[in-house]
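Novice: Sharing a structure, written as structure tokens. Questions coming.
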Amino acid sequence: MNSLLLTGGRVVDPANKFDAIADVLILEGKISAIGQKLSAPTGVKVFDAKGKIVAPGLIDLHVHLREPGQTAKENIATGTAAAARGGFTSIVCMPNTVPAIDNAGTVALIHERAAREGVVNVFVTGAITKNIAGEEMAPIGGLKKAGIVAITDDGHCVQNNDLMRRACEYAKMFDLPVMDHCQDYSLVTDGVMHEGYWNVVLGLRGWPAAGEEAIVARNILLAELTGAKIHCQHLSAAGSVKLLREAKKRGVSISGEACPHHFTLTDAAVAGSEKFWAADGKQLFHLQTLPSWPAYDTNFKMNPPLRSAADRAAILDGLADGTIEILCSDHAPHCDYEKEVEFDYAPFGITGLETELALSLMQLVHTGRLPLAEMIAKFTVNPAKLLNLNKGTLSVGADADVTVFDEKAEWIFNRADSASKSKNNPFFGWPLKGKIAATVVAGKVVFAAA
Ligand SMILES: [Zn+2]
């Protein structure tokens, strides 16, 4: 049952700098051998991976599963099903649930439920502060004991620099990375979209890039001061990339991640598809049919917001030169009734697990910005390294988490095909290039394309 022979695929394992046509033999949930003309022991199924990429199971370190407490939006069963459809064998869930993951009991609840109902591996993060309120530190040591892989107040940002400093000192003591949603509240106030040209045209309150950059700068200073590993989540602004690039050159223990919506779309998309395709969407992917959507579509509202074309270009440059080492979705499901309101009142966030691989291939690999192996590294070995996960490689003996995909296959993302409980996604109807063939967790096929 947990054994499988994948034959004839192009095996790309960045952790081992391996890139060649080969067979992969999985026995009892572990990688048993990689080589030429391997034969399947009796009873072991063969999966023909010819013409496809065989990669270590992809990891998404930024996912909102909404369980416990917000299961109308998503739960562990549906969220992990969406992950499997998207090619992800491991996901890391954020602690802004109800109650927040600021205590060992909630960590245990998620671990238990994920083991029972989840189809992919679920790793848990704990809050930096109690109830993610930014006032009092959460019991970081107890959370570590309960098995969390990092701390974050994602969705919120600790504004008190001294509190953040103390949390970093604790995190370092417990060898936990600190992941931060970078948002300076005094600069952002109640902004709902990027502060630039389009928010003025549309009459929406602006969320300035400086609101993110100020906290990235703060985090660089605190990483230097405390020696903690600080990871800046969902970077959207050119200035953030510049700060990160300079700090990394000096050896500061700081890192960053980017999400496909920030390096595909821009703030022009909030003005509707016509404006977007006429302005920043020009030449994007050379799509034959241009998807359309209205102005003020709340599926283009997320936090941090879609930014200018120059910011998008800077994020792509940061991914290309290695400044940004990790790709993720910030999968943030919300119910239709919550999103079907005026732009100002809609919650921030979109789903992303099922589209992130294709969009990353399209913007990074198919455009020639990044070799395939480097893009795969940003979904595997790099997040595994940051979080000290024993994942992200196809080394012999490793857990047999494998993602098989066709990098060139074209498909259209349809609302009816999404496994997520929520349908708040701006990419429905988009022609995408790069399709999952199979998702394998511990030797078991948890998703296979029809
Ligand atoms: Zn966030």
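The values are calculated or read from the model by the stated rules, or taken from the named source; none is laboratory data. Everything numeric in this text was worked out from a predicted model, so none of it was measured. A quick note on method: Cβ atoms are made from the backbone with ideal geometry, for glycine too, and the neighbour counts reach across all protein chains shown.
Novice: May I ask you to list the residues in region 361-387 that are under 19 Å from Ala314 (Cβ atoms), assigned to a helix (DSSP H, G or I) and among the charged types (D, E, K, R)?
Specialist: Glu374, Lys378
Novice: Sort out which residues of region 75-118 are among the polar types (S, T, N, Q), surrounded by fewer than 24 Cβ atoms within 10 Å (Cβ to Cβ) and within 28 Å of Ala450 (Cβ to Cβ), and write them in order of number.
Specialist: Answer for region 75-118, where residues must be among the polar types (S, T, N, Q), surrounded by fewer than 24 Cβ atoms within 10 Å (Cβ to Cβ) and within 28 Å of Ala450 (Cβ to Cβ): Asn75, Thr78.
Novice: What is the number of the single condition among (1) more than 16 Å from the chain's Cα centre (by Cα); (2) part of a helix (DSSP H, G or I) that Ala346 does not meet?
Specialist: Against the list (1) more than 16 Å from the chain's Cα centre (by Cα); (2) part of a helix (DSSP H, G or I), Ala346 comes up short only on (2).
Novice: Here's another thing I want to ask about it. Taking the residues in region 1-31 that are within 28 Å of the chain's Cα centre (by Cα) and of a type in the set (S, T, N, Q) as candidates, determine which candidate is nearest to Ala442 (Cα to Cα).
Specialist: By that ranking, first place goes to Asn2.
Novice: Still on this structure, please answer the following. Phe276 is checked against (1) assigned to a helix (DSSP H, G or I); (2) of a type in the set (A, V, I, L, M, F, W, C); (3) within 21 Å of the chain's Cα centre (by Cα); (4) farther than 21 Å from Thr403 by Cβ and fails just one. What number does that condition carry?
Specialist: Phe276 satisfies all of (1) assigned to a helix (DSSP H, G or I); (2) of a type in the set (A, V, I, L, M, F, W, C); (3) within 21 Å of the chain's Cα centre (by Cα); (4) farther than 21 Å from Thr403 by Cβ except (3).
Novice: For region 102-110, does any single residue satisfy the condition of being modelled with pLDDT under 95 and in a loop (DSSP other than H, G, I, E, B)?
Specialist: No, that holds for no residue.
Novice: Something else: Conditions first: (1) part of a helix (DSSP H, G or I); (2) touching a residue at least 60 places away in the same chain (Cβ under 8 Å); (3) touching a helix residue (DSSP H, G or I) at 6+ places or on another chain (Cβ under 8 Å); (4) away from the ligand (no atom under 16 Å from the Cβ). Ala358 passes all but one, so which condition is the exception?
Specialist: It fails just one condition, (3).
Novice: Also, quick follow-up: Check off (1) crowded, with 23+ Cβ neighbours inside 10 Å; (2) closer than 22 Å to Phe300 by Cβ for Gly191 and give me the number that stays unchecked.
Specialist: Here Gly191 meets the rest and fails (1).
Novice: Shifting gears a bit: If I go through region 179-200 residue by residue, how many of them are touching a helix residue (DSSP H, G or I) at 6+ places or on another chain (Cβ under 7 Å), more than 14 Å from the ligand (Cβ to nearest atom) and hydrophobic (A, V, I, L, M, F, W, C)?
Specialist: 3
Novice: Do you know which residues across region 146-169 are within 21 Å of the chain's Cα centre (by Cα) and more than 16 Å from the ligand (Cβ to nearest atom)?
Specialist: Gly147, Ile148, Val149
Novice: In region 209-252, how many residues are within 16 Å of the ligand (Cβ to nearest atom) and at positive phi?
Specialist: Of the residues in that region, 1 qualify.
Novice: Could I ask something else about it? List the pairs whose first member sits in region 161-176 and is closer than 15 Å to His231 by Cα, whose second member is buried (at least 16 other Cβ atoms within 10 Å of the Cβ) and of a type in the set (Gly, Ala, Ser), and whose Cβ atoms are under 8 Å apart, counting only residues at least 6 apart or on separate chains?
Specialist: Pairs found: Cys168/Ala223; Cys168/Ala228; Glu169/Ala228; Ala171/Ala228; Lys172/Ala228; Leu176/Ala150.
Novice: Where the second residue is among the charged types (D, E, K, R) and the first is free of Cβ contacts under 8 Å to residues at least 24 places away in the same chain and lies in region 14-35, which pairs have Cβ atoms under 8 Å and are six or more apart or on separate chains?
Specialist: Ala20/Arg10; Ile21/Arg10; Asp23/Lys37; Gly35/Asp23
Novice: Looking only at helices (runs of 4 or more DSSP H) that fall completely inside region 142-226, which ones have 1 or more residues that are in contact with a Lys or Arg (Cβ under 7 Å, 6 or more places away or on another chain) and farther than 30 Å from Ala295 by Cα?
Specialist: Answer list for region 142-226: 161-173, 209-226.
Novice: Test of understanding: among Leu222, Leu243, Leu202, which residue is more than 23 Å from the chain's Cα centre (by Cα), aliphatic (A, V, I, L, M), closer than 27 Å to Leu316 by Cβ and at pLDDT 95 or above?
Specialist: Answer to the selection: Leu202.
Novice: Name every residue in region 289-327 that is outside any helix (DSSP H, G or I), away from the ligand (no atom under 16 Å from the Cβ) and not hydrophobic (A, V, I, L, M, F, W, C), in order of residue number.
Specialist: Thr289, Pro291, Ser292, Pro294, Tyr296, Asp297, Ser308, Asp321, Gly322, Thr323, Glu325 - these are the residues of region 289-327 that are outside any helix (DSSP H, G or I), away from the ligand (no atom under 16 Å from the Cβ) and not hydrophobic (A, V, I, L, M, F, W, C).
Novice: For the structure I just gave you, tell me whether Ile376 is within 16 Å of the ligand (Cβ to nearest atom) and more than 20 Å from Ala72 (Cβ to Cβ).
Specialist: Considered against the rule, which asks whether it is within 16 Å of the ligand (Cβ to nearest atom) and more than 20 Å from Ala72 (Cβ to Cβ), Ile376 comes out as no.
Novice: Going by what's in this entry, would Gly69 be described as more than 16 Å from the ligand (Cβ to nearest atom), under 30 Å from Gly256 (Cα atoms) and without any contact (Cβ under 8 Å) to a residue 60 or more places away in the chain?
Specialist: It is true that Gly69 is more than 16 Å from the ligand (Cβ to nearest atom), under 30 Å from Gly256 (Cα atoms) and without any contact (Cβ under 8 Å) to a residue 60 or more places away in the chain.
Novice: Answer yes or no: is there a residue in region 107-124 that is away from the ligand (no atom under 16 Å from the Cβ), farther than 30 Å from Val446 by Cα and not hydroxyl-bearing (Ser, Thr, Tyr).
Specialist: No, region 107-124 has no match at all.
Novice: Next up: Say we look at region 50-64 and pick out the residues that are outside any strand (DSSP E or B) and either within 14 Å of the ligand (Cβ to nearest atom) or of a type in the set (Gly, Ala, Ser) (or both); which of these is nearest to the chain's Cα centre (by Cα)?
Specialist: His64
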